[in-house]
Amino acid sequence: MASEPPKAGLNLPLGRIFAVEERRRITPAERRRMLVAGIPELAALDGVQQPPEYHAEGDALIHTLLALEAVPADADERVFWAVLLHDVGKAPTTAFLDGRWRSPGHEAASEKMVPGILSRLGRQELAADVAWLVRHHGFPLSWSKEPLQRLTAHQRRFCAHPLFPLLIAVARADVSGSLGGSDKGQRLEAIETLWRLGETTFGKS
């Protein structure tokens with residue numbers, strides 16, 4: 001009986017798993033297996049509870065893997081890493097508080113974990129950018145709860161950050177991996193629309 005051909009992913013350094021030249025050589029299922037097996041901080045999300053009204057998909061690991069699947073194949077490598085690591089801080093911060101599961105401060109906790117993970121994987125050159133994306137991945141929820149009609153001066157400065165287009169991609173994937181009643185998707189769409197329209201429509205504050 002002929003032996004099965006070796007899988008491409010088995011000889012692929014984990015730090016190169018999202019490299020443009022590699023991402024089509026490995027199946028999504030094999031990629032998930034390698035990532036969970038090779039990154040203990042990611043594996044630790046297995047069983048970490050989330051409020052079902054916002055995350056009907058399940059625990060934090062399921063959410064992360066669904067979000068990762070939503071990243072376009074041609075996305076910047078930093079988007080893949082930021083989506084993969086955006087919630088690793090939920091493992092140490094999640095608790096049942098005030099009647100539901102919450103993860104206070106998980107964005108900052110995740111940000112702090114990024115440099116160590118990427119350095120361990122030999123991708124420390126990406127750490128600063130990925131950490132910034134992870135720190136701010138939930139930004140639509142921190143802006144006005146009212147429907148946005150225009151961006152404030154502070155918001156426009158934030159949108160002018162060179163990594164903001166990548167942050168939009170990270171936030172989109174996060175929304176796609178969340179099955180529930182959150183309005184984060186609507187907020188993100190409104191912010192993106194105002195960002196793309198720019199100053200010509202809304203003038204200066």
Problem set entry | Distance (nanometres) between label positions extended 7 Å along Cα→Cβ at residue 112 and residue 148 | 2.9 nm
Exercise. Hey, what do the phi angles of region 167-179 turn into as Karplus ³J(HN,Hα) couplings, whole Hz, using 6.51/-1.76/1.60 and θ = phi - 60°, x for Gly and Pro?
Worked result: 4, 4, 5, 5, 5, 4, 5, 4, 4, 5, x, 10, 10
Exercise. Given a Förster radius of 35 Å and the C-beta distance between residue 74 and residue 97 as r, what FRET efficiency does 1/(1 + (r/R0)^6) yield to the nearest 0.05?
Worked result: 0.30
Exercise. Hey, can you rank 110-116, 179-185, 59-65 by average C-beta count inside 10 Å, highest first?
Worked result: 59-65, 110-116, 179-185
Problem set entry | Alpha carbon Rg of the chain, scaled by the compact-globule rule 2.2 N^0.38 Å | 1.09
Problem set entry | Spacing of the two label points (7 Å from each Cα toward its C-beta) at residue 193 and residue 24, in nm | 3.5 nm
Exercise. With labels modelled as points extended 7 Å from the Cα through the Cβ direction, what inter-label distance (nm, one decimal) is found for residue 157 paired with residue 183?
Worked result: 2.7 nm
Exercise. What order, most packed first, do the peptides 161-171, 26-36 have when packing is the mean number of other Cβ atoms within 10 Å of each residue?
Worked result: 161-171, 26-36
Exercise. Taking the chain as a Gaussian network, where each spring joins two C-alpha atoms under 10 Å apart, which residue of 58, 89, 177 fluctuates the most?
Worked result: 58
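What number, rounded to the nearest 500 deg cm²/dmol, is the helix-based mean residue ellipticity at 222 nm of the chain, given -39500 (n - 2.57) per DSSP H run of at least four residues and division by all its residues?
Value at 222 nm, helices only, nearest 500: -14000 deg cm²/dmol.
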Exercise. What residue among 182, 50, 167 has its Cα farthest toward the positive end of the dipole of the chain, where the charges are +1 on Lys, Arg and -1 on Asp, Glu, each on the Cβ?
Worked result: 167
For this session: Over the chain, calculate the relative contact order: mean separation of alpha carbon pairs under 8 Å at least 6 apart, over the residue count, as a percent.
Result: 22 percent
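Bear in mind that the values in this text are calculations on the coordinates, not laboratory data. As the structure is a computational prediction, the values presented were derived from the model and not from experiment. Cβ atoms come from the backbone with ideal geometry, glycine included; neighbour counts cover every protein chain shown.
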